[in-house]
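Participant: What follows is a structure written as structure tokens; I'll ask about it next.
The values are calculated or read from the model by the stated rules, or taken from the named source; none is laboratory data. Keep in mind that this is a model prediction, so the values were computed, not measured. Glycine also receives a Cβ, built like all others from the backbone with ideal geometry; neighbour counts cover every protein chain displayed.
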């Protein structure tokens, strides 16, 4: 006997696997895996925007005093917020009436659903991974405001000032400028370490420093070639996250390039000939609490002119940042 509620079965299956699917998506991407490891996957419950609170100035009342000196107590405006819009992604999972009939046994139906949901899960992981590394301008501006927006390449090297991010104008506010360095010549095993040293030095403030350096295939290969055998230190904790790593200072250098496709893109979406120096303490993955890998609607969705039912795996949220000054990008020409 055929199941008359195929879409309901798909929806409830997705609901039961929601946490697993969300975990697989974050673990599919090196940057997201490190953000998650920092405990910075924070759901948002509502509102037209995601607000990321940040401190943009010191308290000017602070200072030394002696004896009966009067202590200043002037009001201080030192807290603001970056603003990020909710972005949405969806993967429709379709079952035709014929497939419903052909898979009428319960085991056959569940096997087919697992396969379809698995494909939908992988598709969503790839969509969000490319969005994570993007600048939010693709799909007509509907994509995630990703790393290319948070840590953009700039015509000039140094602190990026010619853009707006999170609603804050970098040219006006120096504290909201990430670092960008374009190497004078193509990266080689001889010149890359010095360039990495310089980029690192511009991103350290006390104990604040990059904890992960994400590299594409080219930069990863050059960095590995620059190391002598006894200098190759790996980190068992990062190996636990599922990504091959080598240490630079005390940060993990992570390969997040991967298989190269004919469309001139890498498997993960990591930018070409680039190293991203990220301090994931200040980066957050902000899925909506009611739209984190769940069916878009529990109701059946029928095609108007086809014998098919559709359930939509849906996600909403964005990538946010509260510390632009601690993020950097090193690029080889």
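Participant: Return yes or no: is residue 198 within 24 Å of the chain's Cα centre (by Cα) and surrounded by fewer than 20 Cβ atoms within 10 Å (Cβ to Cβ)?
Facilitator: no
Participant: Next up: Here are the criteria: (1) outside any strand (DSSP E or B); (2) at pLDDT 75 or above; (3) surrounded by 18 or more Cβ atoms within 10 Å (Cβ to Cβ). Tell me which single one residue 82 does not satisfy.
Facilitator: Going through the list (1) outside any strand (DSSP E or B); (2) at pLDDT 75 or above; (3) surrounded by 18 or more Cβ atoms within 10 Å (Cβ to Cβ), residue 82 breaks only (1).
Participant: Considering only segment 40-65, how many residues are surrounded by fewer than 17 Cβ atoms within 10 Å (Cβ to Cβ), part of a loop (DSSP other than H, G, I, E, B) and either touching a helix residue (DSSP H, G or I) at 6+ places or on another chain (Cβ under 9 Å) or at pLDDT 70 or above (or both)?
Facilitator: Total meeting the criteria: 9.
Participant: Of all residues being assigned to a loop (DSSP other than H, G, I, E, B) and in contact with a strand residue (DSSP E or B) (Cβ under 8 Å, 6 or more places away or on another chain) in segment 136-150, which is farthest from residue 322 (Cα to Cα)? Just the residue, please.
Facilitator: By that ranking, first place goes to 142.
Participant: Please pick out the residue among 146, 158 that is on the phi > 0 side of the Ramachandran plot and modelled with pLDDT of 90 or more.
Facilitator: Checking each option against the conditions leaves just 158.
Participant: With respect to residue 109, determine if the residue is part of a helix (DSSP H, G or I), crowded, with 20+ Cβ neighbours inside 10 Å and either modelled with pLDDT under 75 or more than 24 Å from the chain's Cα centre (by Cα) (or both).
Facilitator: Against the criterion (part of a helix (DSSP H, G or I), crowded, with 20+ Cβ neighbours inside 10 Å and either modelled with pLDDT under 75 or more than 24 Å from the chain's Cα centre (by Cα) (or both)), residue 109 qualifies.
Participant: Any idea how many residues of segment 151-170 are farther than 22 Å from residue 199 by Cβ and either in a loop (DSSP other than H, G, I, E, B) or in contact with a helix residue (DSSP H, G or I) (Cβ under 7 Å, 6 or more places away or on another chain) (or both)?
Facilitator: Of the residues in segment 151-170, 3 are farther than 22 Å from residue 199 by Cβ and either in a loop (DSSP other than H, G, I, E, B) or in contact with a helix residue (DSSP H, G or I) (Cβ under 7 Å, 6 or more places away or on another chain) (or both).
Participant: Go through the residues of segment 176-189 one by one and say whether even a single one is modelled with pLDDT of 90 or more, under 26 Å from residue 290 (Cβ atoms) and part of a helix (DSSP H, G or I).
Facilitator: no
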